[in-house]
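To start, the structure under review is shown below, and the notes come after it.
The values are calculated or read from the model by the stated rules, or taken from the named source; none is laboratory data. This structure is a prediction, so every number in the text was calculated from the model and none was measured. Neighbour counts run over all protein chains shown; Cβ positions are idealised from the backbone, glycine included.
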Amino acid sequence: MSLARVLPYAKELLESVIHEGDCVVDMTAGNGHDTHFLAEQVGPSGRVIAFDVQEQAIEETKRRLQAAHVSEWVDLYHESHIHVGARLFEEQRPIRAGVFNLGYLPGSDKSVTTTGEETLEALGALLPVLVPGGLIVLVIYHGHIEGRKERDAVLDYVSLLSQQDYAVLQYRFLNQQNNPPFIVAIEKKLKKQIND
Ligand code: SAM
């Protein structure tokens, strides 16, 4: 057995909770890899809602989804994930899972990056509509200045979530150089787990 690397482990965690027909959210569509993965997990009876602030990311995600024939059950929004609350209200479906792959679009303008402030606002809107047993996975990139601030803001926020209601995991290799990304996963507890 070898320890799962960070990105494959993020997918394993999501796979373990998502079922066909679920409604899930990609908070940072980027090049569309995660949106595509989520669309395959939920299938045509499910729904994926995805956000990105960059036109280039939206276009690349659209292209990837169309090539994979999964675009019909994905709603792509060219706007900040801080609008997630309003979009989910329109959707009127419980949310099983969400993913935040933070930072900037690889190979693109590094000044367009997620920020601690907006990430926390979006997270705060998503947690209440997550179903019990549902999961949010954040992949945190902290090799750049904004990323370090965002890392600290996210860790402070999730460390204070009630133990009664949420289980919060950090998955991180401690001996790798150059600030490799790490995972924070937030599980909303089922009623029977609340005393765990
Ligand atoms: N999940 C992507 C994939 O599978 O290819 C990678 C995401 S990339 C690391 C981060 C993305 O977050 C960038 O495309 C960037 O434009 C986007 N972003 C930055 N701020 C955002 C915001 N407030 N709301 C939504 N997306 C944002």
Residue ID - surrounded by the most Cβ atoms within 10 Å (Cβ to Cβ), chosen from residues in the range 65-76 that are more than 15 Å from the ligand (Cβ to nearest atom) and either outside any helix (DSSP H, G or I) or aromatic (Phe, Trp, Tyr) (or both): 73
Hits in the range 87-127 (condition: modelled with pLDDT under 95 and away from the ligand (no atom under 14 Å from the Cβ)): 88, 89, 90, 91, 92, 93, 94
Qualifying positions in the range 116-140 - β-branched (Val, Ile, Thr) and in contact with a Leu (Cβ under 9 Å, 6 or more places away or on another chain): 119, 129, 136, 137, 139, 140
Those residues of the range 138-196 which are of a type in the set (Asp, Glu) and touching a His at 6+ places or on another chain (Cβ under 8 Å), in sequence order: 150
Check on residue 139, within 11 Å of the ligand (Cβ to nearest atom), closer than 24 Å to residue 41 by Cα, touching a helix residue (DSSP H, G or I) at 6+ places or on another chain (Cβ under 7 Å) and outside any helix (DSSP H, G or I): yes
Neighbours by Cβ (under 6 Å, 6+ apart or cross-chain): first from the range 31-43, in contact (Cβ under 8 Å) with a residue 12 or more places away in the chain; second near the ligand (Cβ under 8 Å from one of its atoms) and assigned to a loop (DSSP other than H, G, I, E, B): 35/29
Of residues in the range 14-64 being surrounded by fewer than 19 Cβ atoms within 10 Å (Cβ to Cβ) and among the polar types (S, T, N, Q), the one nearest to the ligand (Cβ to nearest atom): 54
Within the range 77-104, tally of residues that are buried (at least 21 other Cβ atoms within 10 Å of the Cβ) and under 22 Å from residue 31 (Cα atoms): 9
Hey, residue 88 among the hydrophobic types (A, V, I, L, M, F, W, C), in contact (Cβ under 8 Å) with a residue 24 or more places away in the chain and either within 25 Å of residue 190 (Cα to Cα) or in contact with a Pro (Cβ under 7 Å, 6 or more places away or on another chain) (or both) or not: yes
Residue check for residue 62: out of contact with any strand residue (DSSP E or B) (no Cβ under 8 Å at 6 or more places or on another chain), part of a helix (DSSP H, G or I) and of a type in the set (Lys, Arg): no
Any hit, the range 167-175, residues being more than 21 Å from residue 7 (Cβ to Cβ), more than 16 Å from the chain's Cα centre (by Cα) and free of Cβ contacts under 8 Å to residues at least 24 places away in the same chain: no
Within the range 99-122, tally of residues that are in contact with a strand residue (DSSP E or B) (Cβ under 7 Å, 6 or more places away or on another chain) and not in a strand (DSSP E or B): 5
